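Before any comments, here is the structure.
The values are calculated or read from the model by the stated rules, or taken from the named source; none is laboratory data. These numbers come from a predicted model, not from an experiment. Don't worry about glycine lacking a Cβ; one is built from the backbone with ideal geometry, like all the others, and counts go over all protein chains shown. Quick note on the areas: whole protein, heavy atoms, side chains included, nothing else; ligands and nucleic acids left out. Shrake-Rupley method; radii C 1.70, N 1.55, O 1.52, S 1.80 Å.
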Amino acid sequence: VSALQSESKPRTNIVAGAPVKWRVKALDVILRPWFAHGPHRGMAVLTTVGRRSGTPRRHCVRAIRKGDPVYLVSIPGNHASWVSNIRANPRVSLQVRRTTLAGTARELGHGSERDEAKRAYVGTVNAADYIECFLHWRGRPARWKIQRLHEMWFDGGIALVIDLDGPEGSAASPGLA
């Protein structure tokens, strides 16, 4: 690790497991249409069913697809409402660009599946991640910073996997359009 890498630190507003601040919630609302329809990879809009209301709830997430499974991390941990919604009803849909995928979400335990998920989540770097890095980490974005940021989020947050329906996971879930 170079001296530059050891001195560079993330901003304080991205601590995994910490409650979400109002700025993050506002940014989620603003970026949701861009995540759903943008040309970039690795971003999606997750739709869950509200645990109390029963209505669809949409959330911007970083979603890494490796074959049929899709990996997500709840950076704020238990403070994310969408994690509580998934615990109450694991049926979800995921809008990636103009495609809606349906599946069942679950938290990852320890073991080889978690290791595989971490490799995919941390090892995948897309163009949008450089913007994310610029917003969350001091200094100029770099691949190693992005991977370190994603590793911190994976280790400190709640890792989930969505097991997609059907042979390609392309059918939209009923009630989660």
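Couplings 3J(HN,Hα) of region 101-109, computed from phi: 10, 10, x, 10, 9, 8, 6, 8, x Hz, in residue order, whole Hz [Karplus 6.51 cos²θ - 1.76 cosθ + 1.60, θ = phi - 60°; x for Gly and Pro]. Put Lys145, Lys118 in order of accessible area, highest first, and with a 1.4 Å probe you get Lys118, Lys145. For Asp129, neighbours were defined as the other residues whose beta-carbon sits under 13 Å from its Cβ, and their charges (Lys and Arg +1, Asp and Glu -1) total +3.
Taken along the Cα-to-beta-carbon direction at a fixed 7 Å, the label points for Arg41 and Ser84 span 3.6 nm.
Computed from the alpha carbon atoms alone, the convex hull of region 29-149 holds 117 Å³ per residue. Just to be sure I follow: if Rg is taken over the C-alpha atoms of region 91-174 and Rh is the Kirkwood radius over the same atoms, what is Rg/Rh? Expressed as Rg/Rh, it is 1.03.
For Asp115, the shell of other residues with beta-carbons less than 14 Å away shows a net charge of 0, using +1 for Lys and Arg and -1 for Asp and Glu. Multiplying the residue separation of Val125 and Arg57 by 0.36 nm and removing their Cα-Cα distance gives an extension gain of 21.8 nm. A simple spin-label model places the labels of Arg143 and Asp115 2.4 nm from each other, with each point 7 Å out along Cα-to-Cβ.
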